[in-house]
Each structure stands twice: as structure tokens, then as C-alpha cells.
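The values are calculated or read from the model by the stated rules, or taken from the named source; none is laboratory data. If you're wondering where the values come from, they're calculated on a predicted model, not measured in any experiment. Counting neighbours? That spans all protein chains shown, and the Cβs are built from the backbone with ideal geometry, glycine included. These accessible areas exclude ligands, DNA and RNA; they are computed on the full protein's heavy atoms, side chains included. Shrake-Rupley method; radii C 1.70, N 1.55, O 1.52, S 1.80 Å.
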Amino acid sequence: MSVMDEGRALWAPTAAQKNYLKRALAQPGGKLPLFDDDGQAVDPKIIRACLANGWAKPWFENPLKPDWLVCKITEGGRQVVSV
């Protein structure tokens, strides 16, 4: 299934991607989590897929952990999880 974003089709997020994005809705500034509910790191493939689809964007670089992808949800991300 796809959704439209400014005239271009995007794939709908998987269940894992949607759950990841939903967690940002209650966070200040829409910050996306680095860890899941069990304390495990979020799979970088989920984060990168959300970045590639425009559902998330980098927020800032963590100088202590440069390999961590610190991101926040975009308006497009908010739209796909509200459907």
C-alpha cells in the first residue's frame, strides 16, 4: 500500500516502522527513541528506512556516540501514523 506525499507515492510503513514512529508523538520535539520498550537498541534498518522515506529526519549528532542515529519525526511521519 502507498500513500501520497506532495504528489509522490510513498510506501506505507511496516508495523515495526509504524510503532517506532508512533513513539515520537508523545515526546518533546517529536524525538524518536534510540531503544525499544525492552531496552534493546532500535534496529538501524528501521531508522534508515524511516529516514529514506522522509518519515524521520536527523535531529543532531551525538559526539559521545557518533554511530547513534538521533532523529525526530517529520510531518510526513506524523501523517503515515495517523492513517
Expected max-MSF residue from Asn53, Asn19, Asn62 in the GNM of the chain (alpha carbon, under 10 Å) is Asn62
Dividing the mean separation of Cα pairs under 8 Å (6+ apart) by the residue count of the chain yields a relative contact order in percent of 31
Result for the chain: accessible area per residue, probe 1.4 angstrom, in square angstrom, of 67
Label model pair Leu34, Ala12: point-to-point distance (7 angstrom along the Cα→beta-carbon line) in nm is 3.3
Share of accessible surface on carbon and sulfur in the chain, whole %, 1.4 Å probe and ligands ignored, is 55
Residue separation between Asn19 and Val83 times 0.36 nm, minus their alpha-carbon distance, gives in nm 21.7 nm
The extension gain from Asp67 to Lys45, computed as 0.36 nm times the residue separation minus the Cα-Cα distance, is 6.6 nm
In a Gaussian network model of the chain with springs linking alpha carbons closer than 10 Å, the residue among Lys31, Lys65, Lys22 that fluctuates most is Lys65
